[in-house]
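Structure, as structure tokens:
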Amino acid sequence: MSNIKTDDLIVERLRAAQTDAEAEWYAEGVADGRRYVEDNGEPHLLRALEEWQYPADEDEYGTALATALQIDWEYILGEDTPVADQPSYVRGFVAGAMARWSDLKDRL
């Protein structure tokens, strides 16, 4: 029989770890999104991204965004990594890209 107090503490710790991991994925996505605009972004695709809608299924975020931006995650990220499968990362990527695009678009 498990100890309820111990289980509650374990669940609390696991939730905190999950939240920390999601925050790290998001921050990494923001940095990569900004870098994407600076290094690889194309104005017509960035304008389309302003109107892009997240799919209903979080598991499809990375694939849908790659399709919308016509990108290959491995090429953009320079590594073979599953980060684009993390919804928090994709949300960060979009936020970072849109923030950087917003800084620059009126100067074109």
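Some observations on this one:
- Convex hull volume per residue in cubic angstrom - Cα atoms of the chain: 119 Å³
- Ranking of Arg15, Arg107, Arg100 by count of other Cβ atoms within 10 Å, fewest first: Arg107, Arg15, Arg100
- Among Val11, Val83, Val30, the largest mean-square fluctuation in a Gaussian network model of the chain, built with springs joining Cα atoms closer than 10 Å, belongs to Val11.
- By the combined test of axial Cα extent (at least 15 Å) and Kyte-Doolittle hydropathy (mean at least -1.0), the qualifying DSSP H helices of the chain come to 4-39, 87-104.
- In the elastic network of the chain, a GNM with C-alpha springs shorter than 10 Å, the most mobile of Leu46, Leu77, Leu14 is Leu14.
- Sequence-distant contacts, meaning Cα pairs under 8 Å at least 6 residues apart, place the relative contact order of the chain at 43 percent.
- Residue of Ala48, Ala56, Ala68 that the Gaussian network model of the chain assigns the largest fluctuation, springs spanning Cα pairs under 10 Å: Ala56
- Point-to-point label distance, Thr67-Arg15, nm (Cα→Cβ direction, 7 Å offset): 3.5 nm
Coordinate-derived values only; no laboratory data. These numbers were taken from a predicted model, which means no experiment stands behind them. Every residue, glycine as well, gets a Cβ built from its backbone with ideal geometry; the counts of neighbours run over all protein chains shown.
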